[in-house]
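Student: For reference, the structure I am asking about is given below.
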Amino acid sequence: DRQRCVYLDYTGAMLAPSTLIGRHLKALQSSILGNPHSVNAPSSESSRQDHLARAAVLRFVHADADVYEVVWTANASGALKLVGEAYAFQHGGALIYAPDSHNSVLGVANIASRKGAECSSFSFA
């Protein structure tokens, strides 16, 4: 970067590219966004942009919008918690995870274990 610094610890805090910041700033300066749950022009614009973003994510992962839904979460921990709570873990089932998994995967393992599933990490060796 301009400071000649190499930053390798990206745990939830990656450095934002200046082009992304510039484009986002331009978008924010050229529109008024409102609560997508309200009924007015700024809210309609927020809903439109949300719809476009969800469609872009589905296209990116080659997912059919008739089959899959995009759910926004605050972060990876929130997303993993939703998955853990919604998944049908049960007695006789298992959750096997990599030893270097995201910390929140351990939270999913805790949920799965409470539902009766066997939980363990595997070894690459």
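The values are calculated or read from the model by the stated rules, or taken from the named source; none is laboratory data. If you're wondering where the values come from, they're calculated on a predicted model, not measured in any experiment. Backbone-built Cβ (ideal geometry, glycine too); neighbour counts: all protein chains shown. To get the accessible areas, we keep the full protein, side chains included, count just its heavy atoms, and leave off ligands, DNA and RNA. Shrake-Rupley method; radii C 1.70, N 1.55, O 1.52, S 1.80 Å.
Student: Exactly one condition in (1) open to solvent by 90 Å² or more (accessible area, probe 1.4 Å); (2) out of contact with any Phe, Trp or Tyr (no Cβ under 8 Å at 6 or more places or on another chain); (3) farther than 30 Å from Leu28 by Cα is false for Ile96; which is it?
Tutor: (2)
Student: Examine region 113-125 for a residue that is among the charged types (D, E, K, R) and surrounded by fewer than 13 Cβ atoms within 10 Å (Cβ to Cβ), and state whether such a residue exists.
Tutor: Looking through region 113-125, at least one residue is among the charged types (D, E, K, R) and surrounded by fewer than 13 Cβ atoms within 10 Å (Cβ to Cβ).
Student: In addition: Which numbered condition in (1) farther than 30 Å from Ser120 by Cβ; (2) surrounded by 11 or more Cβ atoms within 10 Å (Cβ to Cβ) is the only one that Phe60 fails?
Tutor: Here Phe60 clears every test but (2).
Student: Here are some residues: Val83, Val105, Val71, Val67. Which one is open to solvent by 90 Å² or more (accessible area, probe 1.4 Å) and either over 26 Å from Met14 (Cβ atoms) or outside any loop (DSSP other than H, G, I, E, B) (or both)?
Tutor: Val67
Student: Keeping to region 64-86, report how many residues are free of Cβ contacts under 8 Å to residues at least 24 places away in the same chain and farther than 20 Å from His51 by Cα.
Tutor: 3
Student: Being over 19 Å from the mean Cα position of the chain (by Cα), touching a residue at least 24 places away in the same chain (Cβ under 8 Å) and assigned to a loop (DSSP other than H, G, I, E, B) narrows it down to one of His91, His37, so name that one.
Tutor: His91
Student: Only one of Ser30, Ser47 is open to solvent by less than 80 Å² (accessible area, probe 1.4 Å) and of a type in the set (S, T, N, Q); which?
Tutor: Selected residue: Ser47, the only one of Ser30, Ser47 that is open to solvent by less than 80 Å² (accessible area, probe 1.4 Å) and of a type in the set (S, T, N, Q).
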